[in-house]
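The values are calculated or read from the model by the stated rules, or taken from the named source; none is laboratory data. Quick caveat: nothing in here was measured; it's all calculated off a predicted structure. In this analysis, Cβ positions are derived from the backbone assuming ideal geometry, glycine residues included, and neighbour counts consider all displayed protein chains.
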Amino acid sequence: MFSVHMTSTLLATQPGSSGSSGLLAVAVGAIALVVGAVIGIIAVRLLTGQTIARAKEEAEKLKELAESEAKTAARQIEVEAQEKVLAEKEAIDAEIKKERAELREEERRLSKREDQQEQRREKLDTREAQLDQRHQKLEARETKFAAREEALEALIEKKKNELLRITELSEDEARKELLAVIEEDCVDEAARMTRQTLERAEEEAKEKSREIIVSAIQRYAGEHVAEQTVRTIQIPSDDLKGRIIGREGRNIRQIEKSTGVDLIVDDTPGVIVVSCFDKVRQAVAAEALEKLIADGRIHPTKIEEVVEATKKDFDERIRKHGKDAVMECNLKGVHPKVVEAMGRLEYRTSYGQNVLKHSLEVAFISQLIADQLGLDGAVARRCGFLHDIGKAMDHEMEGGHPKIGMDFARQYGESDPVLNVIGGHHGDIPATTIYTPIVMAADALSGARPGARRESLELYIKRLEQLQDIALQHEGVTEAFAIQAGREVRVMVDARRINDDKAFYIARKIADQVSAEMTFPGEIKVNVLRETRAIEIAR
């Protein structure tokens, strides 16, 4: 465009004619215009090409920048994604670790449970093996006994034929001789089997019974004071003896008649003896006599007044003793008549043992035993407390104290277990409740304590003689000695006639006979000794 403009300017400044110069100027202008246009087009194209090149360059640069930014953004996104993935991975790893820990703990518990199950399975397997062994032993024993039975039958037949052939005895006589021989063999075998059976039973029962009984004894400790059937009254001077006897014995007869006791006024200085098996009457008489001695006025009318007043006081004491005992035993719903009857046992003794204290002791021991066996301790305690209630009135009624007590308790609404214990604690009636043998055991434990009971010298000597006589009745026994105050009988047997198995058999027979024929507190040990002595003399 600049060149066209310059050409037009040069043409305009040159001289010539005006017409030709005008055409020339127009032509030159047109040519210049065309040339300018061409040049302009060329310039535009050049400029456009440069612009496009620059645009391409810029585009390339922009493209490279975009690609760089895209790569940067992609790397940033990738980094963020990796961080997110890493965080998620850590969370997943933590969760997996927690789940693994829980799985390990569960595996540990399962392993422990499996160990316990395995131990139980081993115990069951051991027990099953033991049962199998016992079963096999029993089968072997049955087979052995069957073989022995067959052998015995064959031997019997053989002996029978031989006896009939050789001795020409009758069949009945031969049978008697054979039975005698077989009986001797069977006694030996029975003694051996009895010994084995008893040993097994004792091994199984001793541990449990010892545990229960020792626990009951250790957990209960009661007082034991042996009481007597006589009571002495101190008097200030011997002159009062004559006043107590009275003219022609009227005063002493009135005292004995009113109280039901025996007064013994002898040469013993300063004392009068009150004798009576009924402890209530004895206590009433002793207290009334002490009041009369303190008052100084002793005559039949005064004696009656004092005795009646003392009886009323004792009735109140009896009820108080019964209430105190029921409260100590923590019993509910006991009839007042039953309470009064139990209070009377405060003045009753058995082999010198106070019956009310004995009843309390039996109640608590029965409860301890019942608790260890998983039974109702309250029922056992009530049964033990009331088991000897019949002794409160057995001296006034016919029959033994178990039946009297059972009828009395039934009359005042006691339950069947209590009634069965009262009536059956000495074996008079069959035991229909588990509490009866429990109370029987507690009763024996209470009476067997050292110092709990005592008996008269005459009964003691008679019991020792009876014990020795029972032992001497058995075959093979050479000597028998009652020792340990009658708590043990030591039996000597002939070692040539009695073997070890028969010694156990004899001990059992003696113990059974003593239990069946004798009455004694506690228990008696039967000790059978078999001794073999070899004696030679050196010369």
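What about LYS323, is it at pLDDT 90 or above and either crowded, with 22+ Cβ neighbours inside 10 Å or assigned by TED's automatic domain parsing to the domain that holds ASN251 (or both)?
yes
Residues in the stretch 369-394 that are under 15 Å from ASN330 (Cβ atoms) and surrounded by fewer than 22 Cβ atoms within 10 Å (Cβ to Cβ): how many?
Within the stretch 369-394, residues that are under 15 Å from ASN330 (Cβ atoms) and surrounded by fewer than 22 Cβ atoms within 10 Å (Cβ to Cβ) number 5.
Answer yes or no as to whether THR268 is at pLDDT 80 or above, farther than 24 Å from MET342 by Cβ, assigned by TED's automatic domain parsing to the domain that holds GLU361 and among the polar types (S, T, N, Q).
no
To keep it simple, each residue is scored yes or no on (1) in contact with a strand residue (DSSP E or B) (Cβ under 6 Å, 6 or more places away or on another chain); (2) buried (at least 16 other Cβ atoms within 10 Å of the Cβ); (3) modelled with pLDDT under 80.
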position: THR432; (1), (2), (3): no, no, no
position: VAL439; (1), (2), (3): no, yes, no
position: VAL477; (1), (2), (3): yes, yes, no
position: GLY486; (1), (2), (3): no, yes, yes
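Quick check on the stretch 491-501. Is at least one of its residues within 36 Å of the chain's Cα centre (by Cα), surrounded by 12 or more Cβ atoms within 10 Å (Cβ to Cβ), in the same structural domain as LEU464 (by TED's automatic domain parsing) and among the aliphatic types (A, V, I, L, M)? Show your work before the answer.
Of all residues in the stretch 491-501, those within 36 Å of the chain's Cα centre (by Cα) come to 501.
So of that shortlist, the ones also surrounded by 12 or more Cβ atoms within 10 Å (Cβ to Cβ) come out as 501.
The next check asks that each one be in the same structural domain as LEU464 (by TED's automatic domain parsing); those that pass are 501.
From what's left, among the aliphatic types (A, V, I, L, M): none.
No: the stretch 491-501 contains no residue that is within 36 Å of the chain's Cα centre (by Cα), surrounded by 12 or more Cβ atoms within 10 Å (Cβ to Cβ), in the same structural domain as LEU464 (by TED's automatic domain parsing) and among the aliphatic types (A, V, I, L, M).
Need the failing condition index for ILE272 against (1) crowded, with 18+ Cβ neighbours inside 10 Å; (2) over 58 Å from the mean Cα position of the chain (by Cα); (3) not in a helix (DSSP H, G or I), just the number.
(2)
Considering only the stretch 488-519, how many residues are assigned to a loop (DSSP other than H, G, I, E, B), in contact (Cβ under 8 Å) with a residue 40 or more places away in the chain and over 19 Å from ILE461 (Cα atoms)?
1
Across the stretch 492-523, what is the total count of residues that are among the β-branched types (Val, Ile, Thr), over 23 Å from GLU183 (Cα atoms) and out of contact with any Leu (no Cβ under 7 Å at 6 or more places or on another chain)?
Summing the residues that are among the β-branched types (Val, Ile, Thr), over 23 Å from GLU183 (Cα atoms) and out of contact with any Leu (no Cβ under 7 Å at 6 or more places or on another chain) in the stretch 492-523 gives 1.
Can you give me the number of residues within the stretch 290-306 that are closer than 25 Å to ARG344 by Cα and touching a Leu at 6+ places or on another chain (Cβ under 8 Å)?
Residues meeting the conditions: 2.
One line per residue, one yes/no per condition, for (1) under 30 Å from MET193 (Cβ atoms); (2) in contact (Cβ under 8 Å) with a residue 12 or more places away in the chain; (3) part of a helix (DSSP H, G or I):
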site: ASP93; (1), (2), (3): no, no, yes
site: LYS97; (1), (2), (3): no, no, yes
site: GLN117; (1), (2), (3): no, no, yes
site: GLN133; (1), (2), (3): yes, no, yes
site: ARG148; (1), (2), (3): yes, no, yes
site: LEU152; (1), (2), (3): yes, yes, yes
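In the stretch 395-425, what residues are surrounded by fewer than 20 Cβ atoms within 10 Å (Cβ to Cβ) and hydrophobic (A, V, I, L, M, F, W, C)?
The one that is surrounded by fewer than 20 Cβ atoms within 10 Å (Cβ to Cβ) and hydrophobic (A, V, I, L, M, F, W, C): MET397.
Quick check on this structure: which one of GLY390, GLY374, GLY384, GLY343 is without any contact (Cβ under 8 Å) to a residue 12 or more places away in the chain and not hydrophobic (A, V, I, L, M, F, W, C)?
GLY374
Every residue, every condition in (1) in a loop (DSSP other than H, G, I, E, B); (2) modelled with pLDDT under 85, yes or no:
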position	(1), (2)
ASP407	no, no
HIS426	yes, yes
LEU445	no, yes
GLN466	no, no
ASP469	no, no
PRO521	yes, yes
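State the number of residues belonging to the stretch 523-539 that are over 34 Å from the mean Cα position of the chain (by Cα), assigned to a loop (DSSP other than H, G, I, E, B) and either within 30 Å of SER350 (Cβ to Cβ) or of a type outside the set (S, T, N, Q) (or both).
8
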